[in-house]
Each structure stands twice: as C-alpha cells, then as structure tokens.
1. If you take every residue apart from B:Thr112 with its C-beta less than 12 Å away from the C-beta of B:Thr112, what net charge results, scoring Lys and Arg +1 and Asp and Glu -1?
2. With unit charges on the beta carbons (Lys and Arg positive, Asp and Glu negative) and the dipole taken about the Cα centre of the stretch B:28-142, which residue among B:Phe55, B:Phe104, B:Leu90 sits farthest to the positive side?
3. What is the Cα centroid distance between the stretch A:187-217 and the stretch A:47-76, reported in whole angstrom?
4. First compute the accessible area of the protein assembly as shown with a 1.4 Å probe, then give the percent of it belonging to carbon and sulfur atoms.
5. Counting each DSSP H run of 4 or more residues in chain A as -39500 (n - 2.57), what helix-only mean residue ellipticity at 222 nm follows after dividing by all residues, to the nearest 500 deg cm²/dmol?
6. Any idea what the dipole of chain A comes to, in debye rounded to 20, about its Cα centre with Lys/Arg Cβ at +1 and Asp/Glu Cβ at -1?
7. Within 10 Å of each Cβ in peptide A:117-129, how many partner chain Cβ atoms are there on average? Round it to a whole number, please.
8. Could you pull out the pairs from A:Lys22/B:Lys43; B:Lys69/B:Lys144; B:Lys106/B:Lys144 whose alpha carbons sit more than 29 Å apart here?
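The values are calculated or read from the model by the stated rules, or taken from the named source; none is laboratory data. What you are looking at is a predicted structure, and each value in this text was computed from that prediction instead of being measured. No Cβ is skipped: glycine too gets one built from the backbone with ideal geometry, and neighbour counts run over all protein chains shown. The area values use the complete protein model at the heavy-atom level, side chains included, leaving out ligands, DNA and RNA. Shrake-Rupley method; radii C 1.70, N 1.55, O 1.52, S 1.80 Å.
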Amino acid sequence: MRADTPAAASVLAWDLPTRLAKWLLAALVGLAFASKYYGDPAMVWHQWNGLAILVLVVFRLLWGVVGGSTARFAAFVRGPSALLGYVGGLLKGRPAHYLGHNPLGALVILGLLGLVAAQGLTGLFTTDDIIVYGPMTPVASDATMARASALHQQIYPFLLALIGLHVVANLAYSLFGRDNLVRAMITGRKPAAAYVDRAPATPGSVIAALTCLALAVAIVFGGIALAGGNPFP
Amino acid sequence: MNRRLAAFAATFAVVLGATAVMAQSDVIKQRQTLLKEFGDLTKPVGGMLRGSNAFDLAAVQAALDTYAKSAKELPALFPAGSDTGDTDALPAIWQDKAKFDGLFAKLASDATSARAAITDEASFKANFPGVIRTCGTCHDSFRKKS
Ligand code: HEM
C-alpha cells in the first residue's frame, strides 16, 4: 500500500470494498437503463443486471454492519439534532467537516440504497405481459405482478431524481467545498485535517468483504429459489 | 382454406353483431379475454426465444394464428367511451383511433407473414421477435400501467 509516500498528509476515508461496491452499483444502475432500451427483447441481460444490483445492495447492507468505519450505518446515520446542526452550518456557509458521510449526505445514501432496492425487488415480480417474466413471476398472482410491474415503472423516476441530486451535490461539494469528495471516493483518501468524525477510517477486512459478498449471492439467489422462483433468467 | 375463410368470416360477423348489442362492460371483458389469450399463448413462446423452453413449431403457429385472427376482431372491441370501468385502456386510444387500429392491422399482417416464413427454430428466432415488438409499441402508448 502507499501508506507512507505522499500519503503522510492524507488519511483513509473509504476502504476498497466500499469504493468498489459504490462504483459497481453506479455502473450497474446505468447499465440497467441501457439494457432496458438497447438490450435483448426478452430482457435477459436486464434481469441478470438487476440480480447483480440486488446482490450489491445486500452486500452494502451487510457491509454497513461489519465493514470499514465510514461504511457503517451505525457510524454515519445520525440523529435529528446532528442533522439540524449540520444544515444550520451549511446554511451559514460553514458546514461541519466530516471524513465520512455528512448527516445530510447520509440521508441521500439511505434513500439511494432504498430506492435501488425497491426498484430491484419489484423487478423480480415484473412482467410486460408479452415475453418478459421476472424471476419471481412463476409463483406470483396476477394482481401481485400487475402491482409490481406498475411500481417498477413508477419508482425509477424518483431514483433518477435522487441520483441527479446526489451527483450535483457531490460535484458542488467537490468544486466549492473543502475537499474533493469525488476524488476521495476513487482514491479512498482525504487530506489529513480536523474532522468531526473519527479519522483516519478503519478499513474493513478483505475476508469480511468476501464473506459478505458470498452471503449476498446466497441470500439473493437462494432466497428466490426458496420462495419458489427461478433465479436464472 | 376456403372453409377456414368461411369460418373466419362467420366468427367475425358474429363478433361484430354481438358487440353491437352488448353492454360496455361486456365489450371490455371480451377484449380482455382475447388479449389475455395473447399473453397466455405468447408466454411459452417467449421461453423458446430465450432457450428455456424447447422449440415447438405447433405452439408458435397457434400463437401466430391467434394474433392474426384476434387482431382483426379487436379494433371493434374498443368502441368510443369504453375507457371507463375495469379497463387499462387509455383515453389516448380514441384520440388517435386510426393509429391504434393500425397497430392491430400491423400485428395481423406481421403474424400472417411470419406464419409463412417460420419453418424451423432458426427462422423462428429470426422472425418472431419482430411480430411481438408491436405488442409493446401499443402498450407503451395506449395501455395504462395499472
Ligand atoms: C448511477 C447511479 C449512482 C448510484 C446508484 C449511486 C449510489 C451511491 C451510493 C449507494 C453511495 C454510498 C456509498 C457508500 O457509502 O457505500 C454513493 C456515494 C457516493 N457517490 Fe454515488 N451513485 C451513483 C452515481 C454517482 C456519480 C455519477 C458520482 C460522481 C459524480 C457519484 C459520486 C459519489 C460520491 C462522491 C459518493 C460519496 C458521498 C459522500 O462522500 O458522502 N455517484 N453513491
């Protein structure tokens, strides 16, 4: 690792599994749209892509419990008073300086994960009534499929809007704020400075990450199979 | 062929005559029954396209025959004003009924030519997707997302 070279003035903010999961998720969400509009007519690609997204979301939820310090929900999800304090500082143009997610960003992260999960879960039960039948449709009632198919079409505009907010906010912080959040999410490091939360971050272990990934695969594919669905589109 | 044509004409006449006297809700039910049949026949054929079901020429032909037949009956089952009640039909249908009917006509003629062109699995994979693309095209603009 490059812990000692130019890094003396920088500290770990995001461990590698957190960054990989984040950029993979972003890429897969982009591909989900691409595969909808440019994919095969039976949407086999879109369905595999959606299953991969669900695996990543489950991974991220597990990683939020046992992962690196800045990835843990218990560390970055803060109460209303911290949130109000942060917003107050932001409005005065002096936002408190966080190494991990700030209290407002944390809400966006939860929203993104929640909406991506909802989009993926409804997709399991979605059909176009023509030739696309999601993995759980063999055991779902017509009413469930109709409801899920409608939701799958109604949720994603909100997801797109929240992604838009997320990207604009991160670019704005990076351009006008104290540190470059986008670069930190790529390199994992931020300049050494006084942060409200504990710095440097403690990375999660590679073994834990691989275990979380294996568990996530088992939960998604095993869960669909146990529920009577067909996990292989 | 002649007998089929006669049978077809008879069905067509019966359906037309029947719709004229039927109440709105029955028209809605009737078209939904035909469209549900589209869905039920297309589902296994979709499995063949993906390779999860074995290719079955007879099932493909049955689906194509039903598209060709019902697509000619369906336009009459969407009379003006039948957008209320237990239906997913969008009012847009009656703002551009010509385009809507044209999509059913396209489905019927595509199904008829595919019926002649499809003789084996390769010609099936080449010709079938084009036929059912019209289903989605119509649903995108004329069917409510529930
Ligand atoms: C395409 C869909 C995208 C999705 C679904 C998405 C999702 C997420 C999620 C779930 C996180 C939380 C990461 C974690 O704590 O584990 C995150 C963080 C982050 N994302 Fe995205 N993202 C997307 C696109 C982008 C893009 C295009 C950018 C670059 C401009 C970006 C920049 C960031 C940054 C900088 C963070 C860290 C936020 C912070 O420091 O508080 N994201 N993203």
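1. Working: positive: B:Lys69, B:Lys72, B:Lys106, B:Arg115; negative: B:Asp65, B:Asp110.
Its environment carries a net charge of +2.
2. Among B:Phe55, B:Phe104, B:Leu90, the one farthest towards the positive end of the dipole of the stretch B:28-142 is B:Phe104.
3. So the two Cα centres are separated by 12 Å.
4. Details: 13340 of 19580 Å².
Using a 1.4 Å probe with all protein chains present, the protein assembly as shown comes out at 68 percent carbon and sulfur.
5. -20000 deg cm²/dmol
6. Dipole size: approximately 920 debye.
7. Numbers: counts 0, 0, 0, 0, 0, 0, 0, 0, 0, 0, 3, 8, 12.
Mean inter-chain Cβ contacts per residue within 10 Å come to 2.
8. From the list (A:Lys22/B:Lys43; B:Lys69/B:Lys144; B:Lys106/B:Lys144), the Cα-Cα distance tops 29 Å for A:Lys22/B:Lys43.
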